[in-house]
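Novice: Dropping the structure in here first, questions after.
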Amino acid sequence: MPTLDDILENVGEFDRFQKQTFFVLCLLSAAFTPVYVGVVFFGFIPEHRCFSPGVAELSQRCGWGPEGPPNRCRRYEVEWNVTSISCTDPLSSLMGNRSTVPLGPCRDGWVYDSQGTSLVTEFNLVCEDSWKLDLFQSSVNAGFFIGSINIGYIADRFGRKFCLLNTILANVVCGILLVFVPTYLWIVILRFLQGLVSKGCWTAGYILVTEVVGPKYRRMVGILYQTAFSVGLLVFDAIAYAIPHWRWLQLPVTLPSCFFLLYYWCLPESPRWLISQGKNVKAMKIVSDIAKKNRKKMPSHSEDIKFEEEDGGKQSPSLIDLVKTPQMRKNTLILMYNWFTSSVLYQGLIMHMGLAAGNMYLDFLYSALVEFPAALIIIVTIDRIGRRYPWAAANLVAGAACLVTALIPEDIHWLKVIAACIGRMGITMAFEMVCFVNTELYPTYIRNLGVMVCSSLCDVGGVIVPFIVYRLVEVWHDLPLIVFAVLGLIAGGLVLLLPETKGRVLPETVEDVENFHGQSAPKAKKIYLHVQTSEV
């Protein structure tokens, strides 16, 4: 009896229909960028000084900047209009017989050295309130964490297309409301709601694009779908440069998503999902549309298509199974750590680059460009060299590059940017590889659960990383890079402890995982397992 993969070989595995679907879903992947890394531009931290009333006239006379003598978080409790103040050494002329000039709280706000506005400048998220910027980014990652579980259930229960359209609508509504809400609290709430739906939306697109193509193209379109996110980084950087005001920036990166609602008419439901729900007639109608669009003929036996369950699918998945046996336990712990590390380094390097002394927009551009060779290296190496060594090397390069970046002096900024970009390329490779290697290390019946549990550490890392970056830079600007280096180097070493999965049949049971070497399986089972993998 034929499977869906057999029929796709006849009607086209990656022909006109699949290419059209792939293109429109890549637009969705690119549009996810502002939610994931928006803190770089929405919450950039300009140079700032505590404002002191009466200092303007003295600053004009002495030729200082508008903020007077520098002090970020406290203000000097002095009378600035005193004519005896020295322009060359104002503080000593104010001290008199005192050893220090008295300092007080910054009651009248701050002066910012910036032509644009950000969340920081609008709500004065500096000094005692600087932690609120950390919370702003952590809120969206907390939404990712909760949403990835709930939205994943909706996609499995009600379909990929239903999930996609509803999360697009919710994301658009939240994005538009962010432009107008007046308080910091509502901004954090809406940011959390965006995270709740946006990652599930991106994941539903990933699942759909991999389920409408044949097995030979599934991994390639998955990698290129993630590369579309990198294209989104470049577009987001250009728009942010043109519109340096965070609320107005929110509109042009949100409104185009309204057009994604038109996907109701131009995107199919996943035929694999329909078959898994017993809706074979609807599935075959979509397959027939694929054949018509691809100008191919349906095979004569296509009416007999059926989704068959393997014996492994009858087992009940349990969290205990993830750590029950030695090899499963080792795989689970290493994968969890690598998901965590990939998220921390990827987001952390983006945030830290936003705090660098150079041009924020150019630095962001350079670091985004290196993601394209990262995807190319993965495509070239994974089926020639394997998964384990390129993955380990990517982590080691990322960790070493972070260490080198931290040790380069600040006055050689161009060299720091190059080193940071190499680190960004390494962690991009590691991030993309952990996505599909995770599916190859778990048996069929527990694969979805295994990926869900391990990838949840990615969102935990996203919640923690703003506090790592923004708090540690106050101790030493490059201290977060030292932390990233340690995490990356450990991750690279741990990857070498995992088994190589290149050319191996995906495991069906826990016993297969424990005896991974030398496995083989009938071709039909391989096709079934590919279907399961695409639904992760």
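The values are calculated or read from the model by the stated rules, or taken from the named source; none is laboratory data. It should be emphasised that the depicted structure is a prediction, and the values quoted were computed from it without experimental measurement. Backbone-built Cβ (ideal geometry, glycine too); neighbour counts: all protein chains shown. Surface areas here come from the heavy atoms of the whole protein model, side chains and all, with no ligands, DNA or RNA. Shrake-Rupley method; radii C 1.70, N 1.55, O 1.52, S 1.80 Å.
Novice: Residue 419: at pLDDT below 95, among the small types (Gly, Ala, Ser) and over 15 Å from residue 40 (Cβ atoms), yes or no? Steps first, please.
Specialist: Values: at pLDDT below 95: yes; among the small types (Gly, Ala, Ser): yes; over 15 Å from residue 40 (Cβ atoms): yes.
The answer is yes for residue 419.
Novice: If a residue must be open to solvent by less than 80 Å² (accessible area, probe 1.4 Å) and either farther than 30 Å from residue 487 by Cβ or modelled with pLDDT of 90 or more (or both), how many such residues does the stretch 319-337 contain?
Specialist: In the first step, residues of the stretch 319-337 are kept if they are open to solvent by less than 80 Å² (accessible area, probe 1.4 Å); the result is 321-323, 325, 327-328, 330-332, 334-337.
Still in the list and also either farther than 30 Å from residue 487 by Cβ or modelled with pLDDT of 90 or more (or both): 330-332, 334-337.
Qualifying residue count, the stretch 319-337: 7.
Novice: Hey, among the residues in the stretch 495-514 that are surrounded by 18 or more Cβ atoms within 10 Å (Cβ to Cβ) and modelled with pLDDT of 90 or more, which one's nearest to residue 133 (Cα to Cα)?
Specialist: Residue satisfying both the conditions and the ranking: 495.
Novice: Still on this structure, please answer the following. Which residue pairs have Cβ atoms under 6 Å apart, sit 6 or more places apart or on different chains, and have a first residue in the stretch 14-35 that is among the charged types (D, E, K, R) and a second that is in a loop (DSSP other than H, G, I, E, B)?
Specialist: Going by the 6 Å Cβ cut-off, the qualifying pairs are 15/294; 16/294.
Novice: Here's something else I'd like to know. List pairs: first in the stretch 427-444 and in contact (Cβ under 8 Å) with a residue 12 or more places away in the chain, second in a loop (DSSP other than H, G, I, E, B) and among the basic types (Lys, Arg), Cβ under 8 Å, 6+ apart or cross-chain?
Specialist: Every condition considered, the pairs that remain are 433/387; 437/387; 440/387; 440/504.
Novice: Condition first: in the same structural domain as residue 29 (by the TED database), in a helix (DSSP H, G or I), over 22 Å from residue 171 (Cα atoms) and over 24 Å from the mean Cα position of the chain (by Cα). Can you find one or more residues in the stretch 213-223 that meet it?
Specialist: From the stretch 213-223, those in the same structural domain as residue 29 (by the TED database) are 213-223; that's our starting set.
From what's left, in a helix (DSSP H, G or I): 215-223.
Then keep just the ones that are over 22 Å from residue 171 (Cα atoms); that gives 215-223.
Filter once more, keeping what is over 24 Å from the mean Cα position of the chain (by Cα): 215-216.
Yes, the stretch 213-223 has at least one match.
Novice: Could you count how many residues in the stretch 136-153 are surrounded by fewer than 19 Cβ atoms within 10 Å (Cβ to Cβ) and free of Cβ contacts under 8 Å to residues at least 60 places away in the same chain?
Specialist: Final tally of qualifying residues: 3.
Novice: Just to be sure before I move on: is residue 33 at pLDDT 85 or above, closer than 27 Å to residue 359 by Cβ and either of a type in the set (Asp, Glu) or out of contact with any strand residue (DSSP E or B) (no Cβ under 7 Å at 6 or more places or on another chain) (or both) in the structure I sent? Please lay out each step first, then the result.
Specialist: Details: at pLDDT 85 or above: yes; closer than 27 Å to residue 359 by Cβ: yes; either of a type in the set (Asp, Glu) or out of contact with any strand residue (DSSP E or B) (no Cβ under 7 Å at 6 or more places or on another chain) (or both): yes.
Judged against the criteria, residue 33 is a match.
Novice: So, one more: Name the residues in the stretch 234-291 that are surrounded by fewer than 14 Cβ atoms within 10 Å (Cβ to Cβ) and assigned to a loop (DSSP other than H, G, I, E, B), would you?
Specialist: If the condition is that a residue be surrounded by fewer than 14 Cβ atoms within 10 Å (Cβ to Cβ) and assigned to a loop (DSSP other than H, G, I, E, B), then 278 is the only one that fits.
Novice: Then there is this: Quick check on my filter: what residues within the stretch 191-223 are open to solvent by less than 10 Å² (accessible area, probe 1.4 Å) and free of Cβ contacts under 8 Å to residues at least 60 places away in the same chain?
Specialist: Passing the criteria: 191, 200, 204.
Novice: While we're here: Return a yes/no flag: does the stretch 415-427 have any residue that is open to solvent by 40 Å² or more (accessible area, probe 1.4 Å) and touching an Asp or Glu at 6+ places or on another chain (Cβ under 8 Å). Explain how you work it out, then say what you get.
Specialist: Keep residues of the stretch 415-427 that are open to solvent by 40 Å² or more (accessible area, probe 1.4 Å), which gives 415, 418, 422, 425.
Going one step further and asking which of them are touching an Asp or Glu at 6+ places or on another chain (Cβ under 8 Å), we end up with 425.
Within the stretch 415-427, one or more residues are open to solvent by 40 Å² or more (accessible area, probe 1.4 Å) and touching an Asp or Glu at 6+ places or on another chain (Cβ under 8 Å).
Novice: Just one of 97, 150 is modelled with pLDDT under 85 and not in a helix (DSSP H, G or I); which is it?
Specialist: Details: 150 fails: not in a helix (DSSP H, G or I).
So the residue among 97, 150 that is modelled with pLDDT under 85 and not in a helix (DSSP H, G or I) is 97.
Novice: Please verify whether residue 175 is surrounded by 17 or more Cβ atoms within 10 Å (Cβ to Cβ), assigned by the TED database to the domain that holds residue 252 and within 30 Å of residue 437 (Cα to Cα), treating the condition exactly as stated. So that I can check it myself, show each step before the final result.
Specialist: Details: surrounded by 17 or more Cβ atoms within 10 Å (Cβ to Cβ): yes; assigned by the TED database to the domain that holds residue 252: yes; within 30 Å of residue 437 (Cα to Cα): no.
The answer is no for residue 175.
Novice: Within the stretch 332-352, how many residues turn out to be over 16 Å from residue 402 (Cβ atoms) and either free of Cβ contacts under 8 Å to residues at least 60 places away in the same chain or aliphatic (A, V, I, L, M) (or both)?
Specialist: 4
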